[in-house]
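Sharing a structure with you now.
Taken together, the values in this text are just the output of simple stated rules run on the coordinates, not laboratory data. Because the structure is a prediction, the values reported are computed rather than measured. We place every Cβ from the backbone using ideal geometry, glycine too, and count neighbours over all the protein chains shown.
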Amino acid sequence: MKVVADPQNLTERIAHEIRGKLVHGEFAPGQRLSEAALSETLAISRNTLREVFRVLTKEGLLVHEPNKGVSVAVPSMASIIDIYRVRRMIECQALAQAYPMHPARELMRKAVDSAMLQREAEDWPGVGTSNMEFHKAVVELADSERLNEMFSHLLAELRLAFGLLRDPHFLHAPYVDMNLHILKLFDDGKPAEAATALNNYLVHSERIILAAYARRLVETGNKLG
């Protein structure tokens with residue numbers, strides 16, 4: 001007997017796959033998405049893809065414009081500020097209250113090791129992806145599926161903000177050693193100090209991104225996208 005795939009599960013799976021592509025920088029902010037090409041690439045019907053688009057539009061990752069179709073969202077300065085506010089609340093608490101031998105610690109270490117190798121190869125977009133894997137691992141310290149899911153959406157939106165700035169070396173290079181420092185503090189049994197270091201890190205990162213974003217606004221006549 002032929003098993004018919006659950007449309008809802010298929011929609012969720014494809015939405016998760018497209019979020020992953022956003023996190024890995026495969027789609028640029030403002031990029032138009034071809035329904036025909038994407039449905040063929042993902043091997044799904046256009047009706048399923050439209051439902052995926054609806055889900056991701058509701059999450060703020062895509063934008064639908066009448067007579068223009070669907071495009072990747074362009075984050076605003078206000079949304080970037082809000083992303084970092086949420087990150088500080090979630091990540092710093094997860095790190096400060098984590099069980100010292102939590103399995104996510106190895107995921108943090110794997111992400112740091114990967115970023116160091118990519119830095120040597122000067123693969124800066126790759127460094128950015130490994131950096132995001134590090135922060136996902138930090139959130140996993142909280143043992144909350146709801147937080148993990150919410151954070152995956154947050155990282156996809158954040159990667160779009162990174163994509164606007166077009167300078168992955170400038171954006172990601174400083175944080176390889178910072179991640180290593182945070183991991184060492186955590187390994188040394190100093191979760192509170194690790195959380196403080198992470199908070200300072202996120203404040204620094206937010207300022208750099210907002211400053212670069214403001215420069216792009218000036219360059220483009222206060223229009224992005």
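Using only DSSP helix segments of four residues or longer, with each worth -39500 (n - 2.57), what per-residue ellipticity at 222 nm results for the chain after dividing by its residue count and rounding to 500?
Computed ellipticity for the chain at 222 nm equals -23500 deg cm²/dmol.
While we're looking at this one, here's another question. Where in the stretch 1-108 are there trypsin sites (Lys or Arg not before Pro) that are in a DSSP coil and have at most 15 other Cβ atoms within 10 angstrom of their Cβ?
Within the stretch 1-108, the qualifying trypsin sites (Lys or Arg not before Pro) (loop, at most 15 other Cβ atoms within 10 Å) are Lys2, Lys68.
Rounded, prolate or oblate for the stretch 130-182? Axes are the square roots of the Cα gyration tensor eigenvalues, ordered a ≥ b ≥ c, and the cut-off for rounded is a/c under 1.5.
Oblate shape, in that a/c is at least 1.5 and b/c is the bigger or equal ratio.
Using a 10 Å cut-off around each Cβ, can you sort Phe186, Phe162 from fewest to most neighbouring Cβ atoms? Show your work: numbers first, answer last.
Details: Phe186 25, Phe162 22.
The most exposed by this proxy come first: Phe162, Phe186.
Also, quick follow-up: Just rank Leu62, Leu198, fewest to most, by other beta-carbon atoms within 10 angstrom.
So the residues, fewest neighbours to most, are Leu62, Leu198.
List Glu91, Glu149 from most exposed to least, where exposure is judged by having the fewest other Cβ atoms within 10 Å.
So the ranking, lowest neighbour count to highest, is Glu149, Glu91.
So, in nm, how far is label Glu120 from label Asn148 when the simple model puts each one 7 Å beyond its Cα toward the Cβ?
3.1
Would you list the membrane-span-like helices of the chain, meaning whole DSSP H runs whose alpha-carbon atoms span at least 20 Å along their axis and whose mean Kyte-Doolittle value is at least -0.5?
In the chain, the long hydrophobic H runs are 77-96, 124-140, 145-165, 191-219.
Follow-up. In the stretch 118-202, which trypsin sites (Lys or Arg not before Pro) fall in coil by DSSP and have 14 or fewer other Cβ atoms within 10 Å?
Answer in residue order: Arg166.
Continuing with the same structure: Is there a pair in Lys136/Lys190; Lys21/Lys68; Lys21/Lys184; Lys21/Lys190 whose C-alpha atoms are over 26 Å apart, and which pairs would that be?
Lys21/Lys184; Lys21/Lys190
Follow-up. Using the Cα centre as the reference, give the magnitude of the dipole from point charges on the C-beta atoms of the chain (Lys, Arg: +1; Asp, Glu: -1; all else neutral), rounded to the nearest 20 debye.
Working: 27 positive and 29 negative charges, 126 e Å.
Rounded to the nearest 20 debye, it is 600 debye.
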